[in-house]
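The values are calculated or read from the model by the stated rules, or taken from the named source; none is laboratory data. Being a predicted model, the structure only gives us computed values, none of them experimental. Positions of Cβ are backbone-derived with ideal geometry, glycine not excepted, and every protein chain shown enters the neighbour counts.
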Amino acid sequence: MRWLDGKADFGWISIILHWTAAAVVVSLLFIGNSIQAADGVARDHTLRLHTTLALGAYALLWARVIWRVAKRHPRPLPRQNKTFYAIGKPFHYLLLAAIVVMLLTGPLMAWSGDLPLRFFNLVIPSPIPADERLFVLARWGHIAAATVLGWGTLVHILAAIKHIAVDKDGAFDKMMTPLERPGDARVD
Ligand code: HEM
Ligand code: HEM
């Protein structure tokens, strides 16, 4: 049972953070998109579901981003295509940056726009006065980063399928369990 990342693979902490955060992000994208599609009471319930899940997972999502930035991205496996790795690594950081924008603009948008920021029935009071310009800016940032995350996740999943079906290079297996023999991950 190895918790920490190796030179070219992920330990259990990274793997657990990746999959739990992925489930939360994908759920928040779908629920967030449903807010605008609903109206009246249904809209209010959807908004509360969105903010409840977002606030419930708030620390987890920050931890997930900080962990990767602190531990750095593992190197490629010897079998991994170096060009695709060179594209994939900054792409992963782009996804992480989009998560950070969501975490900052979410509460900012709710508070500046006088929208209820609820965790179940508990309303988190706003520390700032309502501000139309800040709301428009934060909402724009939230929607822009959600768009990057949505399309980015789709490309990311297609890349994962390519690793499994075409490259057969072990990159997907790396995100399922740590390598049994980390020596296998030696670069060069
Ligand atoms: C990765 C995390 C998140 C994702 C993927 C996400 C996604 C979305 C999406 C797609 C929308 C719909 C935007 C639109 O078209 O109007 C939305 C709306 C919203 N989100 Fe998030 N969100 C995240 C985090 C947060 C957080 C942390 C908060 C606050 C704690 C938050 C609060 C809101 C609010 C209040 C709205 C409604 C805006 C409106 O009705 O104009 N979100 N979110
Ligand atoms: C839902 C299906 C998903 C699959 C099948 C998947 C698969 C993978 C795989 C196989 C890797 C390892 C790639 C490598 O090291 O070359 C990886 C890494 C990564 N994935 Fe995903 N992923 C999914 C969802 C997501 C989502 C929703 C996000 C966030 C928006 C995300 C963000 C990342 C990041 C940042 C990395 C780099 C390593 C890390 O920090 O965890 N993934 N993913």
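Remarks
- Out of 34, 14, sole residue that is over 27 Å from residue 175 (Cβ atoms) and in a helix (DSSP H, G or I): 34
- Filter pass, residue 113 being surrounded by 14 or more Cβ atoms within 10 Å (Cβ to Cβ), touching a Phe, Trp or Tyr at 6+ places or on another chain (Cβ under 8 Å) and modelled with pLDDT of 95 or more: yes
- For the range 77-134, taking the residues that are of a type in the set (Lys, Arg) and more than 11 Å from ligand 1 (Cβ to nearest atom), the one that is farthest from residue 167 (Cα to Cα) is identified as 133.
- Restricting the first member to the range 1-12 and to residues that are without any contact (Cβ under 8 Å) to a residue 60 or more places away in the chain, and the second to residues that are surrounded by 14 or more Cβ atoms within 10 Å (Cβ to Cβ), the beta-carbon pairs closer than 6 Å and six or more apart or on different chains are 3/11; 3/12; 3/13.
- Exclusive hit being of a type in the set (Lys, Arg) and either surrounded by 16 or more Cβ atoms within 10 Å (Cβ to Cβ) or touching a residue at least 60 places away in the same chain (Cβ under 8 Å) (or both), set 133, 118: 118
- Any hit, the range 67-85, residues being in contact with a Pro (Cβ under 7 Å, 6 or more places away or on another chain) and under 24 Å from residue 26 (Cα atoms): yes
- Between 61, 17, the distinction of being touching a residue at least 40 places away in the same chain (Cβ under 8 Å), farther than 20 Å from residue 146 by Cβ, crowded, with 17+ Cβ neighbours inside 10 Å and within 16 Å of ligand 1 (Cβ to nearest atom) belongs to 17 only.
- Annotation note: Cβ proximity below 8 Å between a residue of the range 77-91 that is charged (D, E, K, R) and a residue that is more than 16 Å from ligand 1 (Cβ to nearest atom) and outside any helix (DSSP H, G or I) (sequence gap 6+ or interchain) occurs for 79/169; 79/170; 82/76; 89/73.
- The range 31-42, subset at pLDDT 95 or above and near ligand 1 (Cβ under 8 Å from one of its atoms), residue surrounded by the most Cβ atoms within 10 Å (Cβ to Cβ): 32
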